[in-house]
Amino acid sequence: MGNTYVIVAETRGGRLRQVSLEAVQAAVLASRDEDKLIALLLGHQLQEAATELARYVKDQVMVIDHPDLAMYQAEAYLAALAPALDQLQPHTVFFGHTAIGRDLAPQAAAHLNAGQISDVIAIAQTDDTVSYTRPLFAGKAFENRKFTASPQIITIRPNNITPAQPTPAPAEISELTYSPSPSLRTVIKEVVSKSIGRIDLTEAKVVVSGGRGVKSKAGFQPLEELAELLQGAVGASRGACDAGYCDYSLQIGQTGKVVTPEIYIACGISGAIQHLAGMSQSRIIIAINKDPEAPIFKVADYGIVGDLFEVVPLLTEEFRKV
Ligand code: FAD
């Protein structure tokens, strides 16, 4: 008899997040044909997202839909998730390595008395074991880890594992009931910054990032135009955030977000080690900097030595023609 693999899926603005489809694929890679793949979807007004998720999951989508779950709140989400996990007795549970996943996964691990491997970027199955690869020391090294027992908890770094392909037939969708538990906390309102609202920085395929070289808030305008044209997101160095040119929610690096887009365009960023920690795993890195000795050029696949205020509008103009 097979084991049960559970994916805890997430929505954003009512839509299924791409990292959840990557987590489904992670479950596919870690499991065997005889195993069951079940996705759990927590939130409110989830019909559309559940229907979409069902196209990618082999066996079942279980929905826990309640107004209390409309916005993430640790206590409420755990109160909804724990009975479902108790019922399913999973071998492995997969989460996205997102703000929610990073908070909820360790609580699920504590509840199940499970081991956890976080921030996984690759999965390999050999004869009788599955090994999970994760970056260490801000991306300077990688380790392969294996579990020796179950239950197991995994979080998946966005943009590293190819999203799952649709299955031949959609999975069955069922509803689980949620009984709200008394909570000392309540979420009054969620403030979503405009730049984040467009495309999630951690899931964007293209990131156009600005550093102190951007020189002002207004200096980000050409970067925003380029990002919008390429359907990407705007990021920043801590230098730019500290200078007040942009919101800290855009910060990429050791103490900011980790991104792994297909294309990362660093504009006026020197390439400090703490910044590299958040973007060096990007597939193609393009650096624009006035200083030919800037360390960012050491990690860049393509380097443009020049003034970003000349180069970025030229790039935008050229991409517009394509
Ligand atoms: P600078 O180093 O000042 O570089 C600006 C660059 O812009 C220069 O290379 C310059 O040549 C270029 N430039 C100037 N004008 C132009 C122009 N017109 N056109 C083209 N190029 C131009 N940093 C992060 O980014 N993320 C983090 O998460 C982070 N965490 C940190 C944690 C700790 C504990 C510490 C100590 C530091 C951390 N830092 C982090 C800060 C980091 O060390 C650097 O100070 C910061 O990354 C520098 O930002 P910057 O490259 O934008 O600025």
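The values are calculated or read from the model by the stated rules, or taken from the named source; none is laboratory data. Since the structure is predicted, the reported quantities are computational estimates derived from the model, not experimental observations. FYI the Cβ positions are ideal-geometry reconstructions off the backbone, even for glycines, and counts take in every protein chain you see. Surface accessibility is based on the protein's heavy atoms, side chains included, excluding ligands, DNA and RNA. Shrake-Rupley method; radii C 1.70, N 1.55, O 1.52, S 1.80 Å.
Observations on the model:
- Calculated over segment 6-165: convex hull of Cα atoms, volume per residue (Å³): 110 Å³
- Over all Cα atoms in the chain, the spread is summed up by Rg and Dmax: 20.9, 63 Å.
- Contour excess over end-to-end distance, with Cα ends at GLU75 and LYS217 and 0.36 nm allotted per residue: 47.3 nm
- Two-site label geometry, GLU317 and GLN87: point separation in nm, points 7 Å out along Cα→Cβ: 6.1 nm
- Only protein atoms count toward the accessible area here, which uses a 1.4 Å probe; on the chain, the carbon and sulfur part of that area reaches 50 percent.
- Surface per residue (accessible, 1.4 Å probe) for the chain, Å²: 50 Å²
- Computed Kirkwood radius, in angstrom, where 1/r is averaged over Cα pairs of segment 49-92: 12.0 Å
- Projecting the alpha carbon convex hull of segment 266-322 along each direction and taking the average yields 4.0 nm².
- Estimated FRET transfer efficiency (VAL191, ALA272; beta-carbon r; R0 22 Å; 0.05): 0.15
- Candidate aspartates and glutamates - alpha carbon under 18 Å from LYS217, same-chain residues fewer than 8 apart omitted: GLU225, GLU228, ASP242, ASP247, ASP307, GLU310
- Entries in LYS58/LYS257; LYS215/LYS321; LYS36/LYS257; LYS205/LYS257 that, when Cα-Cα distance is taken, lie over 25 Å: LYS58/LYS257; LYS215/LYS321; LYS36/LYS257
- Cα-derived Rg over Rh, computed across segment 192-322 with Rh taken as Kirkwood radius: 0.92
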